[in-house]
1. Hand me the list of strands (runs of 3 or more DSSP E) wholly inside chain A holding 3 or more residues that are modelled with pLDDT under 95 and open to solvent by 60 Å² or more (accessible area, probe 1.4 Å).
2. Tell me yes or no: at least one residue of segment B:200-207 is in contact with a Lys or Arg (Cβ under 6 Å, 6 or more places away or on another chain), farther than 23 Å from A:Trp25 by Cα, away from every other protein chain (no Cβ under 12 Å) and assigned to a strand (DSSP E or B).
3. Of all residues in segment B:238-250, which are more than 8 Å from chain A (Cβ to nearest Cβ) and within 21 Å of the chain's Cα centre (by Cα)?
4. So if I check each of B:Arg223, B:Arg180, which one is touching a Ser or Thr at 6+ places or on another chain (Cβ under 8 Å), surrounded by fewer than 16 Cβ atoms within 10 Å (Cβ to Cβ) and more than 14 Å from chain A (Cβ to nearest Cβ)?
5. Give B:Ser202, B:Ser269, B:Ser187, B:Ser258 a once-over and let me know the one that is hydroxyl-bearing (Ser, Thr, Tyr), more than 26 Å from B:Ser95 (Cα to Cα) and within 17 Å of the chain's Cα centre (by Cα).
6. Please go through segment B:90-142 and pick out each residue that is of a type in the set (S, T, N, Q) and assigned to a helix (DSSP H, G or I).
7. Provide a single number: the residues in segment A:8-36 that are facing another protein chain (nearest Cβ under 10 Å) and under 18 Å from A:Arg95 (Cα atoms).
8. Has segment B:184-194 got at least one residue that is closer than 18 Å to B:Pro210 by Cα and small (Gly, Ala, Ser)?
Amino acid sequence: MEATEARHRPHARDDVVFRRVDEDWLLFDPVAQEIHVLNLSAALTWSFCDGRRTEAEIAREVARAFEAPPEVGPDEGGEPDPRGPREPPPEVRVREILRRFRAAGLLEGSSA
Amino acid sequence: MKTASVVAFRAETDEGAGGATVRVGVEVTAAAAAVSVLFPDYRVPPGSEPPDLVLASLGERGYSVRSKREHLGAPTLSEAVGLLEQVLTRELAASLPGFGVLHGAAVGATGGAVLIPGPGGAGKSTLAAGLAARGCPLLGDDVVLLDLERGVLYPFKRLVKLDDRATGILRVPPRSGPLRSLWPERSLFHPRDLGSSWAPPSSLSAVILPRRDDAHSGDPVLRPVSGGEAVKEILEQVLLVERVGSEEFLATADAVASARLAELRFRRSDRAVELLASELLRQHP
């Protein structure tokens, strides 16, 4: 299932308005009459939902934007991070963000 | 149909250009009195044109509010008048393209208009009335008209409706009037009752998001909020009244871009009013 989703090419609905306001990014869905406030990861993810990139490619673009270091967790030989649990890796974050976009009906072919 | 009274609600969208008018006809004397008392500054003599909204008695079946778009019933007169207010607001919204008609209060202050959007119970009426009593002219309570394209707030001249708890907090004596039987424990105030007046159309200069919090201890706190948060809350209040298009969304974002944006967290309304008044009137006391 996840492998199938990773090959999908998410396409933002054309009628959904994306606008930066101050430090926030907003999506306005004129059909559902809903406003979504996005964090930076979600805003970047949205901007890459052009119907050409796969989920995996979007995750790579988002990771590159953040200049995320390679993920090496304790199970892969790394030491536990004394600062506590890390943020999930970009592909996990992006997958969850796209799941929420789909659930909200913001992507082509999805329905709220 | 016999109308006992006709009330026209007019928004002056531009000097000389006129605005939208919604005519309301009422068949019932008590309802006519209620509407004309609630909106005294909009009353006009009955005209020959048919009203856009009609509030009528159905005898034992209660009352009806009828517009071109909907026909709604209410069991009691007070509920019928409340329903009429809701339908009227929607009709005004439909008559005013480019305007946001939203749930909120607004006052004039130093530098321009202060918008206080919020749902029922957020404390916006108490704040607006308190600010009016401290010298801020009123632009509206409960319903506010915002010209989205120009970022200008226009007065919507409905009386401020305060419950007895709010009048106690503001130390304003409750008023008895013809509508006291319709809304027990509530008083209606014209701005002049509060020592104020209606404000002229004013550019939006600040948005205050009220956060009444019974668990909040200490002094009220005014904290900056992001533009995104302010746009979202304003449009959520517009959406209670009308549909919003992409252009309105973008215009709202532009309108708040140059405004001061803050949330006001408070438990006691009187102290919140003091803080707001000191902030809003500080530059030119």
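1. Values: elements: A:17-21, A:24-29, A:34-38.
Correct list: empty, since no element meets the threshold.
2. Checked segment B:200-207: no residue is in contact with a Lys or Arg (Cβ under 6 Å, 6 or more places away or on another chain), farther than 23 Å from A:Trp25 by Cα, away from every other protein chain (no Cβ under 12 Å) and assigned to a strand (DSSP E or B).
3. Start the filter on segment B:238-250 by keeping residues that are more than 8 Å from chain A (Cβ to nearest Cβ), which leaves B:238, B:240-242, B:247-248.
Scanning segment B:238-250 gives B:Val238, B:Leu240, B:Val241, B:Glu242, B:Glu248.
4. The unique qualifying residue is B:Arg180.
5. The unique qualifying residue is B:Ser187.
6. Within segment B:90-142, the subset of a type in the set (S, T, N, Q) is B:95, B:110, B:125-126.
Within segment B:90-142, B:Ser95, B:Ser125, B:Thr126 qualify.
7. Result for segment A:8-36: 1.
8. no
The values are calculated or read from the model by the stated rules, or taken from the named source; none is laboratory data. Nothing here was measured: the structure is a model prediction, and the numbers come from that model. Counting neighbours? That spans all protein chains shown, and the Cβs are built from the backbone with ideal geometry, glycine included. The protein model used for the area step is the full one, side chains on, heavy atoms only, and it has no ligands, DNA or RNA in it. Shrake-Rupley method; radii C 1.70, N 1.55, O 1.52, S 1.80 Å.
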